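The values are calculated or read from the model by the stated rules, or taken from the named source; none is laboratory data. Treat the numbers as computed from the prediction; the structure is a model and nothing was measured. Here the Cβ positions follow ideal geometry from the backbone for every residue, glycine too, while neighbour counts run over all protein chains shown. Remember, those area values only see protein heavy atoms, side chains included, never the ligands or the DNA or RNA. Shrake-Rupley method; radii C 1.70, N 1.55, O 1.52, S 1.80 Å.
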Amino acid sequence: MTNSQILAIRDGASTASQLASLCMFLSEALGANPDTSHASEALDGLRTLAIGLSNDLHNITDGE
């Protein structure tokens, strides 16, 4: 794997991590209102996927 590929993968992992943080923030805000609780649950699911993606991308570059 080239250095540029490694950097691109790590950049993707960082972006996924930032997305997870944003989802958590928005989920908490939406969860405070019963009318938006379903959106909050959807964001929790998206957050979980973003965390998994970030972890998987970090694992790809471990040892590189």
Check your understanding: Taking SER54, is it touching a residue at least 40 places away in the same chain (Cβ under 8 Å) and either surrounded by 15 or more Cβ atoms within 10 Å (Cβ to Cβ) or outside any helix (DSSP H, G or I) (or both)?
Key -> yes
Study note, to complete from the structure: Only one of (1) touching a residue at least 60 places away in the same chain (Cβ under 8 Å); (2) open to solvent by 70 Å² or more (accessible area, probe 1.4 Å); (3) in contact with a helix residue (DSSP H, G or I) (Cβ under 7 Å, 6 or more places away or on another chain) does not apply to THR61, and that is (2)
Exercise for review: Would you mind finding the one in ASP44, ASP35 that is part of a helix (DSSP H, G or I) and open to solvent by 80 Å² or more (accessible area, probe 1.4 Å)?
Suggested key: ASP35
Check your understanding: What number of residues within the range 35-59 satisfy the criterion of being of a type in the set (A, V, I, L, M) and under 17 Å from ALA8 (Cα atoms)?
Key -> 3
Review point. Do the conditions hold for SER17, that is, is it of a type in the set (Ser, Thr, Tyr) and more than 8 Å from the chain's Cα centre (by Cα)?
Key: no
Revision key, fill the gap. Those residues of the range 8-32 which are among the charged types (D, E, K, R) and loosely packed, with under 13 Cβ neighbours inside 10 Å amount to ASP11, GLU28
